Amino acid sequence: MQNNSSKSLLAGLAVVIATVAIVALVGLLAIRPEKQMIMGEADASEYRVSNMVPGHIDSLYVREGDHVRRGDTLAHIASRQVDAKMLQAEAARSAASAQSRKAQNGARSQQKEMAYQVWQKAKAAEEVYRKSYERVRGLREKGVVAQQQLDEVEAKYKVAQADCAAAEQQYLMAQEGAQREDIDAAAALVGRAGGAVAEVQSYLDDSYLIAPCDGDVVEIYAKLGDLIGTGSPVMSVLDMEDTWFYFSVREDMLGDIKAGATAEVRIPALGEQTYTVNITRVQAMASYATWRATKTNGQFDVKSFEVKAVPQQKIEGLRPGMTAILVQ
């Protein structure tokens, strides 16, 4: 009888101990802090396509959601001011080219002929005055005329010589054409006018907005006919070849998360598959992102860090804004 009582007592004690152990285990599981999940977000490079010249939007060749290739024409901006400047620059270039041709070709045939005739006339006058001078000088030697008359004839002869020499030089200049300095100056004017045309042409080229990369048109800010100023964004193009993830991680949760390491990321919107990423940056965030302690007993402020991770391969279906989970 006593053995049965002892057995019952031991069995009850075992039940009590087992119950206490189960309750303790459940309690430990209940009070153990749940492992926190590090969540982040996907992002991609976004280019804002802006205009270089003021004007109004004349044409839009894409719509939001269109996929474009680098170099595709996205829009055209018409500018009357630039068109007017091009007309002025082309007119200046034409005038400079005509001036240059004139300098290179020299005088016209009629001008050359006229210079030759003037020279010949001066030569004939010089010959007449030479003969008069020689005749009067002979008479003076014989004492027939006064010295004053000889001086007057000699002066006229010298003037005729000078006129003949000047006429000859004018004819030679007409034959040779413009001076080298004049030709170089005219050529410089042509170059300057050509530079002005090239400058305005660059403005005309910039009036066509070109896709900077392969990507998707995510937003168009302007409408047809809108007047926009220099540097105003017209649309945004998302480069899906340049994607990454960023996470905000408390410093006490960083662990093995460091720049240069690899990690696994899961994207709930794309299923349970994980993707390998390279951690490229771990940087402290601004002070407003610091987690503050609410108690002073055993707690301290914890800094938050921004972690950037770049996928090793392109992830099909990934879109900016999708939630990403850092697998630990």
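The values are calculated or read from the model by the stated rules, or taken from the named source; none is laboratory data. Nothing here was measured: the structure is a model prediction, and the numbers come from that model. All Cβ positions, even for glycine, are placed from backbone atoms using ideal geometry, and neighbour counts span all protein chains on display. To get the accessible areas, we keep the full protein, side chains included, count just its heavy atoms, and leave off ligands, DNA and RNA. Shrake-Rupley method; radii C 1.70, N 1.55, O 1.52, S 1.80 Å.
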Next on the checklist: Give me the 1.4 Å probe accessible area per residue for the range 232-277, excluding ligands and nucleic acids, in Å².
Outcome noted: 48 Å²
Checklist entry - Short version: ³J(HN,Hα) in whole Hz for each residue of the range 317-328, in order, from phi by Karplus 6.51 cos²θ - 1.76 cosθ + 1.60 (θ = phi - 60°), x for Gly and Pro, what are they? => result x, 6, 10, x, x, 5, 6, 10, 10, 7, 7, 10
Item to check | Note, ³J(HN,Hα) from phi for the range 259-272, Karplus 6.51, -1.76, 1.60, rounded to Hz, x at Gly and Pro | outcome: 4, x, 8, 10, 8, 10, 10, 10, 10, x, 5, 10, x, 8
Checklist entry - Simple spin-label model, 7 Å along Cα-to-Cβ: SER232 to ASP83 in nm? => result 1.8 nm
Checklist entry - What whole-number value in cubic angstrom gives the convex hull volume per residue for the C-alpha atoms of the range 114-171? => result 48 Å³
Checklist entry - Fully extended, how many nm does the chain gain between ALA261 and GLN328 (0.36 nm per residue separation, minus their Cα-Cα distance)? => result 22.8 nm
Checklist entry - Highest mean first, what order results for 241-248, 202-209, 267-274 on Cβ atoms within 10 Å? => result 241-248, 202-209, 267-274
Checklist entry - What is the set of long-range amide H partners of ILE210 at a cut-off below 5 Å, with H atoms built 1.01 Å from backbone N? => result LEU74
Checklist entry - Short version: ³J(HN,Hα) in whole Hz for each residue of the range 41-50, in order, from phi by Karplus 6.51 cos²θ - 1.76 cosθ + 1.60 (θ = phi - 60°), x for Gly and Pro, what are they? => result 8, 7, 8, 8, 5, 10, 10, 9, 8, 10
Checklist entry - Top to bottom by accessible area (1.4 Å), largest first, where do HIS76, HIS67, HIS56 land? => result HIS67, HIS56, HIS76
Item to check | ARG281 - accessible surface, heavy atoms, 1.4 Å probe, Å² rounded to 10 | outcome: 90 Å²
